[in-house]
Structure formats: structure tokens, C-alpha cells
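Enquirer: Structure provided below as C-alpha cells; questions to follow.
The values are calculated or read from the model by the stated rules, or taken from the named source; none is laboratory data. Keep in mind that this is a model prediction, so the values were computed, not measured. Neighbour counts are summed over all protein chains in view; Cβ atoms, including those assigned to glycine, are modelled from backbone coordinates with ideal geometry. Calculation scope for accessible area: heavy atoms of the full protein, side chains included, ligands and nucleic acids excluded. Shrake-Rupley method; radii C 1.70, N 1.55, O 1.52, S 1.80 Å.
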Amino acid sequence: MLTLKQLFFGLFLPAVVGGGFLILARSLSSKQDITEKRETASSNWFIAVAVSVGYIVGYLGLEGLPSFPPRLGVHWLCYLALIGLILGGFWHFSLWSRLIAQVALAVTLPRLLLTPTFKHTWGQFEGIIWWVCLAAAIFIFWHLVQQSFTTLISDASVPFVYSGLSGGTALILALSGALRLAQHSGILVALFAAIWLITLVLQRRSDSNGLTLPPSASPVVTLLLVGIWMNGYFFEEVPKASAILLLISLLFVHVGRVEAIQRLGVRRSALIQIAAIALPVVIAIGVAIAHSGLFTDSVSY
């Protein structure tokens, strides 16, 4: 059971802080260019700040100050949020600059988070194979995150989808016995849920300008999700199938580009997109439940 302290610092406070920065970003955007409805790099960056700072507040509430250098994989999560925040400030630079940053982090991240595994579990050849595969997976997932921000048909769908993805992750981690990591994923659930509610309010007031989550938010969203998933799979007991299903879930955002679905209208198309993304997440949860032996234990009594 979560204590009141964990609920306050891990859910309520991150949602309030993240929501506050999002409202500030939308306010700056409205004041800067009302007629053209065009967000500048600064207002875009404030949305990345909303996710990053909101998570860091939750991290500090749950874990306290992170150790330096990090001793455990979970200690890296706070630093990944900071790295994503810094990168978000430069995400309006050239395409080549962004690609270089993505490749560099995709290659570096496995070595940072999985240092004990590289040293004590894998041999040299096996380690290289895992390194290449993980770097490619991170790079591809990063692009899926960026594409989802623009491919999801409804603005409100974006934070809703990521709240569901984070919630599915938290449930899978809890079923796998990784309650500490599940709490960190819960921080993201609270953040994206707050962003979703604020987006709905702004849409009703016709104050929504531009993307709910702009490309500058993709570094922090990608790094945090990947960091949590890698910790869950390599250091906890998250089933392989569940990890893969979570990783590929955003591929199904592209069903919204099918012409037959687009003809159904915005609302129905958005619902189909959300359902398509939710399907692998739900299956991943089912796999985790089966792997946990939850039903098997209950039958034996």
C-alpha cells in the first residue's frame, strides 16, 4: 500500500508542478503570437520542462537526492530527466544535430544503465550483440515517440496515450515485484494525466495552440520510459514478451493514417488509434499476470 507521503510526493506534487509549467508554456505561447498561433522555441521548451521537472520532483520525493555517480540503475532516472530537459532546449536546432544527439545517447545509454551486466553477465561478443540491438531499439523508439506527437489525431490523445502506456508499465512492474520502479512509472502517469486534463480544458476554451507535446519533449519522454523499461527487464523480473510489447506499442499509432479509418471522422479515428496502441499494452499486462502466477496461486487454495 502506498503511504500518504508517497501519494503526495509521487503523484500529487509532480502533477501540480508539471501542470503549472504546462499552463505557463501555453500562456507564453498565447502572448507571443495570438494571430498565427505559432509556438516559439522557448514555449516549446517549457512543455519539456513540465515533464522533466515534474518527474524530478516526484523522484526527489520518493528517493531523495540521487547518488553521484549513480550506484543503481534507478539512480540514473533523475539524471536522464535532466539530460532530456537540456536536450529539449536545443531541439529546435538542425536535423543533423538532433540525429547526432539521438545516436550518441542511444549508444551511450545501455552502457550507463547496464554496466554491471556488461561486466559480470555477458561475454565480450554477447555484450556487443546486446549493445547494438539496444542502441537500435532506443533510436527507433525515439522516432516513434516523435511521430506519435504529430500522428495522433486528437491533441488530447497524446497525453492520454502516454498516461495509459505509463500506467500499463507501472502495473507490469508491480506484478513483476518491482514496486520501486512501479512508483517511478506512477509519477509519469500522474504527469500525463494532469497534462491531459489541462489540454481538455484549454480545448474547450479554444486556447490550445500547437501540439500538446512538441518535439522538444521527446528526449525526456523517451529517456524516462526507456530507462524504466531497461531497469525493469534487466534488473527485475519483467517478462521479455511484456517488454517487447510495450516497446512496439507506439507502432500502432500509424493506423490513423489508413484512409478508410480517416474517413470515419476525427473522434472515431482517434478512438481506433488509442485502441490499437492499447492492445499490445493490454496483452503485455496479461503476460505479466500469467508470469506472476497470480491466478495459479489463487486456484491452489
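Enquirer: Whether any residue in the stretch 175-186 is among the charged types (D, E, K, R) and more than 24 Å from I56 (Cβ to Cβ) is what I want to check. Walk me through it before giving the result.
Expert: So the first thing to find is which residues in the stretch 175-186 are among the charged types (D, E, K, R), and the list is 180.
Then drop every residue that is not more than 24 Å from I56 (Cβ to Cβ), which leaves none.
No: zero hits.
Enquirer: Can you tell me which residues in the stretch 208-244 are surrounded by fewer than 23 Cβ atoms within 10 Å (Cβ to Cβ), modelled with pLDDT under 90 and either among the polar types (S, T, N, Q) or touching a Phe, Trp or Tyr at 6+ places or on another chain (Cβ under 7 Å) (or both)?
Expert: Result: S208, N209, L211, P215.
Enquirer: Is it the case that some residue within the stretch 273-280 is surrounded by fewer than 17 Cβ atoms within 10 Å (Cβ to Cβ), of a type in the set (S, T, N, Q) and more than 26 Å from G73 (Cβ to Cβ)?
Expert: No, every residue in the stretch 273-280 fails to be surrounded by fewer than 17 Cβ atoms within 10 Å (Cβ to Cβ), of a type in the set (S, T, N, Q) and more than 26 Å from G73 (Cβ to Cβ).
Enquirer: Could you tell me whether S154 is surrounded by fewer than 21 Cβ atoms within 10 Å (Cβ to Cβ), closer than 24 Å to L60 by Cβ and either under 14 Å from the mean Cα position of the chain (by Cα) or not β-branched (V, I, T) (or both)?
Expert: no
For (1) within 21 Å of L251 (Cβ to Cβ); (2) modelled with pLDDT of 90 or more, each residue gets a yes or a no:
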site: W96; (1), (2): no, no
site: A104; (1), (2): no, yes
site: A136; (1), (2): yes, yes
site: T151; (1), (2): yes, no
site: A178; (1), (2): no, no
site: I195; (1), (2): no, no
site: T199; (1), (2): no, no
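Conditions (1) within 13 Å of the chain's Cα centre (by Cα); (2) surrounded by fewer than 24 Cβ atoms within 10 Å (Cβ to Cβ), marked per residue:
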| site | (1), (2) |
| --- | --- |
| T150 | no, yes |
| Y162 | yes, no |
| T169 | yes, no |
| L173 | no, no |
| R180 | no, yes |
| H184 | yes, no |
| F192 | yes, no |
| L197 | no, yes |
| Q203 | no, yes |
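Enquirer: Step by step: first the residues of the stretch 29-45, then only those that are outside any loop (DSSP other than H, G, I, E, B) and open to solvent by 50 Å² or more (accessible area, probe 1.4 Å), then the one that is modelled with the lowest pLDDT. Which residue is that?
Expert: Looking at residues that are outside any loop (DSSP other than H, G, I, E, B) and open to solvent by 50 Å² or more (accessible area, probe 1.4 Å), I get Q32.
Enquirer: Just one of (1) under 22 Å from A182 (Cβ atoms); (2) buried (at least 19 other Cβ atoms within 10 Å of the Cβ); (3) over 17 Å from the mean Cα position of the chain (by Cα) trips up V145, so point out which.
Expert: (3)
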